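Student: Here it is, the structure in full.
Bear in mind these aren't lab numbers, they're just calculated from the coordinates by the rules spelled out. Everything numeric in this text was worked out from a predicted model, so none of it was measured. For neighbour counting, all protein chains shown are included, and Cβ atoms are generated from backbone atoms with ideal geometry for every residue, glycine included.
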Amino acid sequence: MSFRILYNLGNERSRDIYNLAAYIDEFAKVLGITSLQTNLTALHQVVTALTSPDFPHVDGMEKASPFKKAAYFFVWFIAAKPVIDPLPGSVIPSELRNIANHQNVIFAYHIAADALHKAVLHKNETEVSLNHHIRVSKHFFIDFVDAFSAAVPAQHFKIASLLFEQLCYKANPGLSYPETV
């Protein structure tokens, strides 16, 4: 599944909402879920946040790193709660079932991770690509879902951005900045 809403700089919200809904539907099918309720108003809220001039980067969304774009999408998706139905126990580990809003964290994570795969970074006047997809352990993922289940964009954006950056660098060795501390 390829998904590029995070890099769409146009003002085509209806197309972006449709693409986001199609991604959710396709991902649900991959999980074996045939029916999943979503809130279109919440999807509109997420897409509107992505195109807002209030994007928290000094140079705006256009010049923000892919990590910041993915994190902003991620926290807004969780906060807006567009996926109404909890995921059935047949498709998620038992440890996730009792985490409120687990479905939105799971979808947001996978959408953000897919968007980061093959993303291009501009480092020292050079372009590099994130060629390897983020992968995490089940243990990490359960704690991650729990930690972000009540994400608030203003409070969780920066930490999510740093976390996505480090996950991408872990998956793509040699692309991170030199370690100095």
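Student: Residue separation times 0.36 nm, minus the C-alpha to C-alpha distance between residue 94 and residue 58: what's the value?
Tutor: 8.8 nm
Student: Can you flag which of 81/118; 68/158; 81/170; 123/170; 118/170 are past 19 Å Cα-Cα?
Tutor: Pairs exceeding the cut-off: 81/118; 81/170.
Student: Sticking with this one: Which semi-axis lengths, in whole Å and largest first, follow from the square roots of five times the eigenvalues of the Cα gyration tensor of the chain?
Tutor: They are 25, 20, 15 Å, listed from largest to smallest.
Student: For segment 111-158, run through the trypsin sites (Lys or Arg not before Pro) and keep only the ones in DSSP coil with at most 16 other Cβ atoms within 10 Å of their Cβ.
Tutor: 118, 135
Student: On a full-extension model of 0.36 nm per residue, what is the gain between residue 35 and residue 138, subtracting their alpha-carbon distance, rounded to one decimal in nm?
Tutor: So the extension gain works out to 34.6 nm.
Student: Next question, about the same structure. Looking at the chain, do any whole DSSP H helices span at least 20 angstrom along their long axis by alpha carbon and average 0.0 or above on Kyte-Doolittle, and which?
Tutor: 66-80, 102-116, 153-171
Student: Quick check on the chain: helices-only [θ] at 222 nm, where DSSP H runs of length 4 and up contribute -39,500 (n - 2.57) each and the sum goes over total residues. Nearest 500, please.
Tutor: -16500 deg cm²/dmol
Student: Over the chain, what is the relative contact order in percent, taking alpha-carbon pairs closer than 8 angstrom and at least six residues apart?
Tutor: 23 percent
Student: Here's another thing I want to ask about it. Dipole of segment 85-181 (Lys/Arg Cβ +1, Asp/Glu Cβ -1, origin at the Cα centre): which of 124, 161, 113 lies farthest to the positive side?
Tutor: 113
Student: Where the only charges are on Cβ atoms (+1 Lys, Arg; -1 Asp, Glu), what is the dipole of the chain about its Cα centre, to the nearest 20 debye?
Tutor: 140 debye
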